[in-house]
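Data block below; observations after.
The values are calculated or read from the model by the stated rules, or taken from the named source; none is laboratory data. Note that this is a predicted model, so its numbers are computed, not measured. Every residue, glycine as well, gets a Cβ built from its backbone with ideal geometry; the counts of neighbours run over all protein chains shown. Just the protein is used for accessible areas: all its heavy atoms, side chains included, with ligands, DNA and RNA removed. Shrake-Rupley method; radii C 1.70, N 1.55, O 1.52, S 1.80 Å.
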Amino acid sequence: MTYTKMSLRELLAKATPFRSGDVLAGIAAANEEERVRAQMTLADVPLSRFLQECVIPYEEDEVTRLIIDEHDKEAFAPISGFSVGEFRDWLLTDQATTETLTQLSPGITPEMAAAVSKLMRIQDLILVAAKCQVITKFRNTIGLPGTLSVRLQPNHPTDDVRGIAASTLDGLCYGCGDAVIGINPATDNVENITRLLHMLDGLIESYQIPTQSCVLTHVTTTMEAIHNGAPVDLCFQSIAGTEKANRSFGVDLALLKEAHEATLSLGRGNCGDNVMYFETGQGSALSANANHGVDQQTIEARAYGVARKFHPLLVNTVVGFIGPEYLYNGKQILRAGLEDHFCGKLLGLPMGVDICYTNHAEADQDDMDVLLTLLGNSGCTFIMGVPGADDIMLNYQSTSFHDAAYIRKLLNLKPAPEFQAWLESLAIHDKAGRLLPIEKSNRLLELNTEVNV
Amino acid sequence: MKGEKISVLTRDPWDALQKFTEARIALGRCGSSLPLKESLKFKLAHAKARDAVHQPVQMEMVAEQLASQGIDTLQLVSSVKDREEYLTRPDKGRCLGTASKKVLKNQPKGYDLGIIISDGLSAPAIHQSAVGVACGFMEILKTTSLSVAPVSLVRYGRVAIGDEIGEILGVQLTVVLIGERPGLSSPNSLGAYLTYAPSPGITDESRNCISNIRPGGMVVAEAIRKIAYLSERALVQKMTGVGLKDKMIEGYFPMENLVVNRPGK
């Protein structure tokens, strides 16, 4: 076997931990031994080789060009002499402090992050990610030590505003919604999107909730809504790690820049101006026939290269949504979730995880509990909050408001400080961040009558 | 306190809002955790959805039911060998197996329309709704001069397998009825995918889809009307997909005005 003659692209694919999507793509190691031998070879590859050899050619792909052109050589200098294996060992030492990792981040390329993650065990991924700190701001401060934020996801199969409001109230009463109140719309046209944006804006305004709203539609629809004067807090887009995969989502870097600038121009944040919300997930490039023979985890890390260009408030890897042909079971979903979180954090992103599965994957609530508990210990920035973990619009299972309360209680984590203060003012949380029984007289319970149908 | 039960559950006093949504809201809590009753309810729903994914489809039964209505069928299998391979190899689920290909190649060719029924991700969806939809739609087709291929019954098929079948049989428009990815509260959803000029390699933006056909979702009668409407428009406009919009009016009577020009016939 001539591992040393392999291209980086092939070597990364052979070294990547076993998962169904890479088998489907026909690029996985043929057997367990080949996989481990590839990992041993990868461990000896100098990090500097990643700057000379691109997994997708520079000329062919604008994501590669972004990664290479924006690489910060000065930040890279302290680790420029390391191999991938030495980098892994160093990350685990006390020399790699929060401050060091923050300074290093612009010097790490997505492929370097992916490579090192492939050599790491679960405990390594957790320990290093927990040292990274990424703070972002819009109407509150996300990512502070000792906090865990939640996206409130009040989806409804027909976008019924009373139904959405009911789920929103449920989540707020469980201390959720500080990352964003974000709706996946069932009907994706600008009139409907605008209607939902006004509804969320009205709720945030009348209850003075220190959070932001988002309706998760295509950037072009959001820009049209902005143009029509709709109250857009965050601009959402699904992104991937190759130019071709992004094209299948109907976006490129120029369009993302335009959307970013349009949203910034509204100036609706009072704490900061991180206005983008990105979602990603391993396997999306292959499903669009746009993987270029690169393994799904490396491509996922490249999507974070795209994300960091636009200083997002939130990046969410929707880890188990895509189905068993990419991540077959709980074990594969679990490892993928921790890799994504680690790579995102190492690259300087406010990384959250949609801890989730579909009914045709070999996974259940126990698997989700394990991943939630591990991510809580990794310092995960935010998770999803879906009523009873059952998304009745998207037909998959995510984490619930109760799950969020569990992990906060177990690890003594609080919401973003501004939001925690608001929860205290409404007697939803006590000072320690524990849930209080909601009185019938609580004025938040009037929320559903505020909604204009 | 003797003999009295201590209340351990904290109620959520907004359960009146449950009338606005099927979402699992106002579940209450014990400490901050989910009460057992709700936890088991969820588990039962998941168990039903899991069973739906793994339950084998009874295609012989489907064939018998269709035969009793005078509808001819063909039994086909994709290249997939078992359920696990079906879940991990969507590429194989899109291609017919060798034996099935042979069966099809020996069939007469050239039809206006072909119906394909495949298990997909939910056998219960097939058992509950597929025969009803297929028979109802065939009833409407009988009132027209459209020629219809025998109904293909495909085990372990993905939506795109209809493209290969349609091409081999020389069909202008395929209607694939397939078990959808089961939701927690809807393990039995049937989907209908319409593809004009089917041929392998066609992608999803060239199809029209009607989803959530099940009791409590889109009922069979309405699904038949919608399939008939979209089929009629597809044959007239000679396309399916993003260019074919669903503008069905309330009083639409299926196939009333259908005139199809058949080149070479």
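Screening A:V55, A:V63 for residues that are crowded, with 21+ Cβ neighbours inside 10 Å and not in a helix (DSSP H, G or I) leaves exactly one candidate, A:V55.
Only one of the listed residues (A:H360, A:H341, A:H402) is over 22 Å from A:I126 (Cα atoms) and in a helix (DSSP H, G or I). That residue is A:H402.
Residue-by-condition table, conditions (1) within 14 Å of chain A (Cβ to nearest Cβ); (2) at pLDDT 95 or above:
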site: B:G170; (1), (2): no, yes
site: B:I178; (1), (2): yes, yes
site: B:P182; (1), (2): yes, no
site: B:S185; (1), (2): yes, no
site: B:S189; (1), (2): yes, no
site: B:Y193; (1), (2): no, yes
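For the subset of the stretch A:1-52 comprising residues that are assigned to a loop (DSSP other than H, G, I, E, B), touching a residue at least 12 places away in the same chain (Cβ under 8 Å) and aliphatic (A, V, I, L, M), which member is nearest to the other protein chains (Cβ to nearest Cβ)? Of everything passing the filter in the stretch A:1-52, A:A25 is nearest to the other protein chains (Cβ to nearest Cβ). When each of A:D170, A:D188 is tested for being within 14 Å of another protein chain (Cβ to nearest Cβ), touching a helix residue (DSSP H, G or I) at 6+ places or on another chain (Cβ under 8 Å) and free of Cβ contacts under 8 Å to residues at least 60 places away in the same chain, the lone residue that passes is A:D188. Working carefully through the options B:L96, B:L121, find the one that is closer than 22 Å to B:S206 by Cα and either free of Cβ contacts under 8 Å to residues at least 24 places away in the same chain or touching a Lys or Arg at 6+ places or on another chain (Cβ under 6 Å) (or both). Checking each option against the conditions leaves just B:L121. Out of the residues in the stretch B:19-41 meeting the condition of being part of a helix (DSSP H, G or I) and of a type in the set (A, V, I, L, M, F, W, C), tell me which one is nearest to the other protein chains (Cβ to nearest Cβ). Only one residue tops the list, namely B:F20. The listed residues are B:Y196, B:Y229, and the only one of them that is aromatic (F, W, Y) and in contact with a strand residue (DSSP E or B) (Cβ under 7 Å, 6 or more places away or on another chain) turns out to be B:Y196. Taking the numbered list (1) outside the structural domain of A:K244 (by TED's automatic domain parsing); (2) open to solvent by less than 40 Å² (accessible area, probe 1.4 Å) in turn, A:T147 passes all entries but (1). Scanning the stretch A:242-262 for residues that are closer than 13 Å to A:T220 by Cβ and β-branched (V, I, T) returns a single hit, A:V251. Tell me, yes or no, whether the stretch B:81-94 has at least one residue that is open to solvent by 60 Å² or more (accessible area, probe 1.4 Å) and under 17 Å from the mean Cα position of the chain (by Cα). Checking the stretch B:81-94: at least one residue is open to solvent by 60 Å² or more (accessible area, probe 1.4 Å) and under 17 Å from the mean Cα position of the chain (by Cα). For the stretch A:419-438, residues that are free of Cβ contacts under 8 Å to residues at least 12 places away in the same chain, within 13 Å of chain B (Cβ to nearest Cβ) and either under 29 Å from A:C132 (Cα atoms) or in contact with a Pro (Cβ under 6 Å, 6 or more places away or on another chain) (or both) total 2. Do the conditions hold for A:T109, that is, is it in contact (Cβ under 8 Å) with a residue 60 or more places away in the chain, open to solvent by less than 10 Å² (accessible area, probe 1.4 Å) and within 14 Å of chain B (Cβ to nearest Cβ)? In short, no.
Considering only residues in the stretch A:283-333 that are on the phi > 0 side of the Ramachandran plot and within 14 Å of another protein chain (Cβ to nearest Cβ), the one that is modelled with the lowest pLDDT turns out to be A:N289. Given the condition of a type in the set (V, I, T) and within 28 Å of A:H360 (Cα to Cα), answer yes or no: does some residue in the stretch B:101-110 qualify? Within the stretch B:101-110 (the criterion being of a type in the set (V, I, T) and within 28 Å of A:H360 (Cα to Cα)), the answer is no, since none of the residues qualifies. Across the stretch B:42-69, the number of residues qualifying as open to solvent by less than 10 Å² (accessible area, probe 1.4 Å) and within 14 Å of another protein chain (Cβ to nearest Cβ) comes to 3. Quick check on this structure: which one of A:A416, A:A404, A:A421 is modelled with pLDDT of 95 or more and within 18 Å of A:L169 (Cβ to Cβ)? Every option except A:A404 fails the conditions.
Per-residue answers, yes or no, for (1) within 13 Å of chain B (Cβ to nearest Cβ); (2) within 20 Å of the chain's Cα centre (by Cα):
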{"site": "A:L371", "(1), (2)": "no, yes"}
{"site": "A:G388", "(1), (2)": "yes, no"}
{"site": "A:L394", "(1), (2)": "yes, yes"}
{"site": "A:L413", "(1), (2)": "yes, yes"}
{"site": "A:P417", "(1), (2)": "no, no"}
{"site": "A:N442", "(1), (2)": "yes, no"}
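Here B:E139 clears all of (1) part of a loop (DSSP other than H, G, I, E, B); (2) without any contact (Cβ under 8 Å) to a residue 60 or more places away in the chain; (3) charged (D, E, K, R) except the condition numbered (1).
Within the stretch B:171-189, residues that are more than 13 Å from B:S231 (Cα to Cα) and in a strand (DSSP E or B) have Cβ atoms under 7 Å from residues that are open to solvent by 10 Å² or more (accessible area, probe 1.4 Å) and β-branched (V, I, T) in these pairs: B:I178/B:V159, counting only partners at least 6 apart in sequence or on another chain.
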